[in-house]
Amino acid sequence: MILPTINFIPRRRLDRRSGCELEHPQIQLVVTTAAKKAPWHSWAVVACGGMSIGHKGMVYSSKAMGLTMVDLFENETLRQTMRAEFLKKKGTTLYKALLPDGPPPVPENR
């Protein structure tokens, strides 16, 4: 089970559009899907994705994420604790989606 963090340090990233630093809640899971120290943009990692090492890592991570969601669905206290922590850390900050409201404009055929 993945529990709410106690001394959570939010991950920060720079928004390319506004130049503002953004803070967002996160949860992290790391699994092995390729050989250790393999260069990530190489045929070796792609080949591992089609072999048992890649498949085992992907299946393991999907089980971990799925069972984490089951824990959250079944444990009302955990959800309330997480929500309270989120609201406390968020404070009065309002988050606005970087995408504009509504569907994108449809280009005209000429």
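The values are calculated or read from the model by the stated rules, or taken from the named source; none is laboratory data. These numbers come from a predicted model, not from an experiment. Note that each Cβ is placed from the backbone with ideal geometry, even for glycine, and that neighbours are counted across all protein chains shown.
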Restricting attention to segment 84-110, report how many residues are charged (D, E, K, R) and touching a Lys or Arg at 6+ places or on another chain (Cβ under 7 Å). 0
Given the conditions (1) closer than 30 Å to residue 35 by Cβ; (2) among the aliphatic types (A, V, I, L, M); (3) at pLDDT below 85, report the number of the one that residue 97 does not fulfil. (1)
I need the full set of residues from segment 72-83 which are out of contact with any helix residue (DSSP H, G or I) (no Cβ under 7 Å at 6 or more places or on another chain) and touching a residue at least 24 places away in the same chain (Cβ under 8 Å), in order please. 81, 82
What is the residue count in segment 40-55 for residues that are in a loop (DSSP other than H, G, I, E, B) and exposed (fewer than 10 other Cβ atoms within 10 Å of the Cβ)? 3
Among the residues of segment 22-35, is there at least one that is within 28 Å of residue 96 (Cα to Cα), part of a loop (DSSP other than H, G, I, E, B) and at pLDDT below 60? yes
Exactly one condition in (1) surrounded by 13 or more Cβ atoms within 10 Å (Cβ to Cβ); (2) touching a residue at least 40 places away in the same chain (Cβ under 8 Å); (3) among the hydrophobic types (A, V, I, L, M, F, W, C) is not met by residue 86; state its number. (1)
Considering 110, 83, which residue is assigned to a loop (DSSP other than H, G, I, E, B) and either over 20 Å from residue 28 (Cβ atoms) or modelled with pLDDT under 90 (or both)? 110
